[in-house]
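Notes for the one structure printed next.
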Amino acid sequence: MAEIGHDIELAAEILRNGGVVAIPTETVYGLAANALNTDAVAKIYEIKQRPSFNPLILHLANAAQMQRFAKDIPHGAKILAETFWPGPITLVLPKQAIVPDLTTAGHSSVALRVPNHPVTLQLLELLDFPLAAPSANPSGYISPTKAEHVQENLGDKISYILDGGPCKIGLESTIVSFVDKQAEILRFGAITQEQISNYIDIIRTPTIAPFENIIAPGMLSSHYAPKTTLIFGEITLESGVRNSPNNVLLNFQNYKIFVPEATQFILSKSGNLEEAAKNLFEMLRKIDSMEVDKIFAEPAPSFGIGLAINDRLRRASINVNNENKFGN
Ligand code: AMP
Ligand code: MG
């Protein structure tokens, strides 16, 4: 079992010694190590069983540190950093040589973010290196939004979990790439396309529209996935929800009249997208621990952070036995 505590100085000490610590952020809990130390970074990949071709995000104390790790930074990237950091947006930029290839999984670009959590910002201030920190879960499983979730999944593999309370946002950061100079959204998150477009032009967004199942299954990455089979789409009687009394529904706002309420979960009774995002992973974990037959999850309204919710549900619906599994 890992120790769960509030000792920032102890966390800093473990990290300075090349160790790994779970840290709180506003998005999800991260599994952190010195991003410039390849031995430390290797431990992250090992503990998570993360494929070595899947790059890590560097967490910085402030935007001024950007130039140490990235070069040829376009004006648009600086604007997003100034506007949204600290906050749930990650910028992908050409990397400086100081960043090891292991950290970026061989890419010539690096992903940077300043997280918006007081505990982790204090920790970063104590350190003279950035933290590589993917979500603190076994690769492919549901991301943790509480210290206890990390304990459940990785408690036997790490010594310390820095507790910062439940994550305020509950979904991973928006990722914007500038490697082709202009902004391209690689992953939907809490900072929405609409918010970004208020400041800069976006040339591309993720090509697979949320909740469109038009792509061959093998082409998609399984991720954020419960062990239980999850079926993503509009929930109707024809969906097969009544085929087993052990099926569970994960609705956005309202109960369905054709199934008992006791077998239904609601992401936000007031229909609030932020609340739904915050509840998503915790409810998936809860349902996954109940040993149900199937989870039927319906899409959230597809705007704002609803796009990120639907992206995560879509990936959670991909069969975990799929051979093309690219979890992180
Ligand atoms: P996370 O799963 O939240 O730790 O975010 C890691 C994800 O960030 C990766 O799976 C990639 O999608 C993205 N990412 C990180 N570094 C890069 C990079 N250099 N180029 C493109 N995408 C990156
Ligand atoms: Mg992850």
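Of everything in the range 165-177 that's assigned to a loop (DSSP other than H, G, I, E, B) and surrounded by fewer than 22 Cβ atoms within 10 Å (Cβ to Cβ), which residue is nearest to ligand 1 (Cβ to nearest atom)?
Taking the candidates together, the pick is Lys168.
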State which residue pairs qualify: first residue under 12 Å from Val92 (Cα atoms) and inside the range 49-64, second residue open to solvent by 60 Å² or more (accessible area, probe 1.4 Å) and of a type outside the set (Ser, Thr, Tyr) in any location, beta carbons under 7 Å apart, and separation of 6 or more residues or different chains. Pro55/His107
Pairs please, first residue from the range 70-88 and open to solvent by 60 Å² or more (accessible area, probe 1.4 Å), second anywhere and of a type in the set (Phe, Trp, Tyr), Cβ atoms under 9 Å, 6+ apart in sequence or on different chains. Asp72/Phe178
Exactly one condition in (1) open to solvent by 50 Å² or more (accessible area, probe 1.4 Å); (2) part of a helix (DSSP H, G or I); (3) among the charged types (D, E, K, R) is false for Glu291; which is it? (2)
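Filter the range 13-34 down to the residues that are over 18 Å from the mean Cα position of the chain (by Cα) and either in contact (Cβ under 8 Å) with a residue 12 or more places away in the chain or within 15 Å of ligand 2 (Cβ to nearest atom) (or both) and list them by number.
Ile14, Leu15, Arg16, Gly18, Gly19, Val20, Asn34
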Taking the conditions exactly as written (out of contact with any Ser or Thr (no Cβ under 6 Å at 6 or more places or on another chain), within 22 Å of Ser143 (Cα to Cα) and in a helix (DSSP H, G or I)), does Ile44 satisfy them or not? yes
Number of the condition not met by Ala133 [criteria: (1) under 14 Å from the mean Cα position of the chain (by Cα); (2) farther than 13 Å from Val28 by Cβ; (3) among the aliphatic types (A, V, I, L, M); (4) crowded, with 24+ Cβ neighbours inside 10 Å]: (2)
Got at least one residue in the range 101-110 being exposed (fewer than 14 other Cβ atoms within 10 Å of the Cβ), more than 12 Å from ligand 1 (Cβ to nearest atom), touching a residue at least 12 places away in the same chain (Cβ under 8 Å) and not aliphatic (A, V, I, L, M)? no
Residue check, Phe211 at pLDDT below 90 and in contact with a Ser or Thr (Cβ under 8 Å, 6 or more places away or on another chain): yes
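Can you pull out every residue in the range 62-110 that is among the hydroxyl-bearing types (Ser, Thr, Tyr) and not in a helix (DSSP H, G or I)?
Result: Thr90, Thr103, Thr104, Ser108, Ser109.
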Is one or more of the residues making up the range 19-37 in a helix (DSSP H, G or I) and open to solvent by 20 Å² or more (accessible area, probe 1.4 Å)? no
Filter the range 47-61 down to residues that are assigned to a loop (DSSP other than H, G, I, E, B) and either open to solvent by less than 50 Å² (accessible area, probe 1.4 Å) or under 18 Å from Pro130 (Cβ atoms) (or both), then give me how many there are. 7
Within the bounds of the range 249-259, is there any residue that is without any contact (Cβ under 8 Å) to a residue 12 or more places away in the chain, assigned to a loop (DSSP other than H, G, I, E, B) and not aromatic (Phe, Trp, Tyr)? yes
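If you take the residues of the range 127-155 that are assigned to a helix (DSSP H, G or I) and away from ligand 2 (no atom under 16 Å from the Cβ), which of them is nearest to Tyr45 (Cα to Cα)?
Gln151
The values are calculated or read from the model by the stated rules, or taken from the named source; none is laboratory data. Note that this is a predicted model, so its numbers are computed, not measured. Ideal geometry is used to build each Cβ from the backbone, glycine not excepted, and the neighbour counts take in all protein chains shown. Just so you know, the surface numbers come from the protein's heavy atoms only, side chains and all, with ligands and any DNA or RNA stripped out. Shrake-Rupley method; radii C 1.70, N 1.55, O 1.52, S 1.80 Å.
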